[in-house]
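Beneath this line is the structure, given in structure tokens, with notes to follow.
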Protein chains: 2
Amino acid sequence: MSPPLPDKSTKKEHIRFLQQAIDIANTNVHTGIGGPYGALIVHNGNIIAYSGNCVTSSLDPTAHAEISAIRKACQSLQNFHLPDCILYSSCEPCPMCLGAIYWARIRQVFYACSRFDASAAGFDDLFIYQEIAKHPEQRSIPMHHIHLPNALSPFISWQNKEDKTPY
Amino acid sequence: MSPPLPDKSTKKEHIRFLQQAIDIANTNVHTGIGGPYGALIVHNGNIIAYSGNCVTSSLDPTAHAEISAIRKACQSLQNFHLPDCILYSSCEPCPMCLGAIYWARIRQVFYACSRFDASAAGFDDLFIYQEIAKHPEQRSIPMHHIHLPNALSPFISWQNKEDKTPY
């Protein structure tokens, strides 16, 4: 993980972009595209990707605003890492989106509502944060670890592969 | 969240499907498509979707095996929820994929390697699990909560919308 770069943007700029994320979320509800969330990604001061939540319209439970914006930003920059990018979201990212932010190596995140606000509006964000902290076998969705003799073989092949693309 | 349905599959069947997930992971490394991970989704005893990790080949940091398999399964069933489905993964799902599993309302998960195995092979799964538990401002990727006057407006619009599709 590379260290955070110095942030040259002012707080006023952060608020401007965050306000746009909220506007996307409102538009998303009014047009019926999906849930009340919006996100955008800024690179060198320019918006390179934005999205509302598209779960219901695209039949994709992973199509949260942040995930969709990350996917678009990666296509825009033709890179699976976004280390010079800032993500603005109308709400605190859920654990799925938080994981995506780490895998994409985004530099910094700003958000307007919290997981508690999302929970009060009927969404599972806070619940999933609580579930993640539990032992896998004790979660509401049962998760079972079965030990198989060759389970590590993909990792061994990966480590021995000379022409791999690390990520 | 609906309660887990009774599981009629035997342990032998679980092992067979889990072995197939490992096979997908191995093939994924050998063909160079992506990282050493594989996942498949079973519905009524039939595999309805499977995928390896496609992060590098698709320039999509969210294209983990589990996420990709969930997306395909939802298209297959034409539903953004998968409550009658079991997910088999060559490795314990990372926080991003775990979140996706909850949003998709998958019934049950089986996995072969652990987050510690993934970490030993150079992947960030364990690190991200540790980061998620921290206060947003204290994470290695700084996350800032800015309070804006109209931040809750998308949630209010959502709650007032009569023709919405809940998810």
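Coordinate-derived values only; no laboratory data. Everything numeric in this text was worked out from a predicted model, so none of it was measured. For neighbour counting, all protein chains shown are included, and Cβ atoms are generated from backbone atoms with ideal geometry for every residue, glycine included.
Based on the Cβ-Cβ distance from residue B:134 to residue B:159, what FRET efficiency comes out when R0 is 30 Å, to the nearest 0.05?
Details: r = 30 Å, r/R0 = 1.02.
FRET efficiency, residue B:134 to residue B:159: 0.50.
Could you list which residues have their amide H under 5 Å from that of residue B:144, counting only those 5 or more apart in sequence or on another chain, with H placed in the peptide plane?
Counting only residues 5 or more places away or on other chains, the set is A:109, A:110, A:111.
By the gyration tensor of its Cα atoms, with a ≥ b ≥ c the square roots of the eigenvalues, what is the shape of region A:78-149: rounded for a/c under 1.5, prolate for a/b over b/c, or oblate? Mind dumping the intermediate values first?
Values: a/c = 3.74, a/b = 1.27, b/c = 2.95.
The shape class here is oblate.
Starting from the Cα of residue B:15, step 7 Å along the direction of its Cβ; do the same at residue B:144; then give the gap between the two resulting points in nm.
About 5.5 nm separates the two model spin labels.
Could you derive backbone 3J(HN,Hα) for region B:91-102 from the dihedral phi with the Karplus parameters 6.51, -1.76 and 1.60 (θ = phi - 60°), listing whole Hz in sequence and x where the residue is Gly or Pro?
9, 3, x, 6, x, 4, 5, 4, x, 4, 4, 5
Neighbour counts of other C-beta atoms within 10 Å: give me A:113, B:91, A:54 arranged from fewest to most. Can you show the working numbers first?
Details: A:113 26, B:91 32, A:54 21.
Ranked by crowding around the Cβ, least crowded first: A:54, A:113, B:91.
In whole Hz, with x marking every Gly and Pro, tabulate ³J(HN,Hα) for region A:129-134 from phi via Karplus 6.51 cos²θ - 1.76 cosθ + 1.60, θ = phi - 60°.
So the J values, rounded to whole Hz, are 4, 5, 5, 4, 6, 7.
HN-Hα J couplings of region B:16-29 from phi, Karplus 6.51/-1.76/1.60, θ = phi - 60°, integer Hz, Gly and Pro as x?
Coupling constants for region B:16-29: 4, 5, 5, 4, 5, 5, 5, 4, 4, 4, 5, 4, 4, 6 Hz.
For residue B:72, list the lysines whose Cα falls under 23 Å from its own Cα; do not include residues on the same chain fewer than 8 positions away.
A:72
Could you give the dipole magnitude of chain B about its Cα centre, charging the beta-carbon of Lys and Arg +1 and that of Asp and Glu -1, in debye to the nearest 20?
On the way: 13 positive and 14 negative charges, 68 e Å.
Using only the charged Cβ atoms, the result is roughly 320 debye.
Please list, or write none, the lysines whose alpha carbon is within less than 20 Å of the alpha carbon of residue B:134, excluding same-chain residues fewer than 8 places away.
Partners found: A:134.
Order these by the 10 Å Cβ neighbour count, fewest first: A:12, B:11, B:72.
Values: A:12 7, B:11 10, B:72 17.
Ascending number of Cβ neighbours within 10 Å: A:12, B:11, B:72.
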